[in-house]
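Got a structure here, written out as structure tokens. Questions coming.
The values are calculated or read from the model by the stated rules, or taken from the named source; none is laboratory data. Quick caveat: nothing in here was measured; it's all calculated off a predicted structure. Positions of Cβ are backbone-derived with ideal geometry, glycine not excepted, and every protein chain shown enters the neighbour counts. What goes into the accessible areas is simple: the full protein's heavy atoms, side chains included, and nothing from ligands, DNA or RNA. Shrake-Rupley method; radii C 1.70, N 1.55, O 1.52, S 1.80 Å.
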Amino acid sequence: MTVKNAPARADLAATDDIGWAVRLLAATPTHEHRDPELLRRWARAADAFGSALAPVASEARIVERDGGLELGLLARYTSRPPTVELYTDTIELAEQVVDARGWRDWYPPGSVRAAALAHEAVHVHLHHGPAKAALKRALGHSALRLGRLRVPGHVAGAEEVAAHAYARTVCGLGRSPLLLTAALAAETETETETQSGSATGSTPPPARDARREN
């Protein structure tokens, strides 16, 4: 789960979960010139797919460490051996952001850690089973058409949207972790501006595909 830049002073909660998913897709390479309505359709399909997934078990070991703020990460999955790295400094900041913004009803204590684990677990699930093909079918994007033959195509960023929707659902969150990653990005950007003494522009996407090693 990766943290990216987001507007630091905007009312982030005014954008709904699908809106943040659309922004994520729009900021993903290959989608720069896509029709916004197409992106919204994909966002809704990916969100619905992730929300409907049955609970996914993870056998990966969990390692907690610092350094996530520097990397822009809440969590990362590595496969050799299967490990989920949880970055405690980013998780701690996320909990502080939840309290500061009055979002505790949406993100109960401990839910940031739980959501990060759920997010990474569903990425593994999508990469190593039939669910990946099922997501492609749900999105309805065709990579190739030959008469009646249709080959489902990959939609970059859709797995990330589905993983956030899954985490929201299985962890019982009031809002998607996408909103929280946007707030985290705004927080870290504000701190950077304060330290440098200058104000800089920002870009809207809250999170993209989590960094992981295969």
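Would you kindly state how much longer the chain becomes between residue 52 and residue 154 on full extension, computed as 0.36 nm times their sequence separation minus their alpha carbon distance, in nm to one decimal? Show your work: numbers first, answer last.
Values: separation 102, 0.36 × 102 = 36.72 nm, distance 1.97 nm.
Separation in residues times 0.36 nm, less the Cα-Cα distance, equals 34.8 nm.
Suppose the chain between residue 40 and residue 105 were pulled fully straight at 0.36 nm per residue; how much longer would it get relative to their current alpha carbon spacing?
Additional length available on full extension: 20.7 nm.
Further question on the same structure: For 18, 62, give me the order by solvent-accessible area with a 1.4 Å probe, most accessible first, ignoring ligands, DNA and RNA.
Numbers: 18 20, 62 85 Å².
Largest accessible area first, the list is 62, 18.
If packing is taken as the average number of other Cβ atoms within 10 Å across a peptide's residues, how do 83-89, 115-121 rank, most packed first?
The most tightly packed comes first, giving 115-121, 83-89.
If you don't mind, there's one more thing I want to ask. Distance from the Cα centre of segment 76-121 to that of segment 39-56, in angstrom?
Comparing the Cα centres of segment 76-121 and segment 39-56, I get a distance of 20 Å.
For segment 39-169, what's the radius of gyration and Dmax over Cα atoms, in angstrom?
When restricted to the Cα atoms of segment 39-169, Rg and Dmax are 16.6, 56 Å.
Ok, one more. Ranked from highest to lowest mean number of other Cβ atoms within 10 Å per residue, what is the order of the peptides 160-170, 20-30? Provide the component values of the computation, followed by the final result.
Details: 160-170: 26.6, 20-30: 21.0.
Top to bottom by mean Cβ count within 10 Å: 160-170, 20-30.
Quick one: which residues, 5+ away or cross-chain, put their amide H under 5 Å from the amide H of residue 73? H built at 1.01 Å from N.
Amide H neighbours of residue 73, under 5 Å, 5+ apart: 3.
May I ask you to compute the full-extension gain from residue 33 to residue 128, defined as 0.36 nm times their residue separation minus their alpha-carbon distance, rounded to one decimal in nm? Let's see the in-between values first.
Values: separation 95, 0.36 × 95 = 34.20 nm, distance 3.05 nm.
Difference between extended and current length: 31.1 nm.
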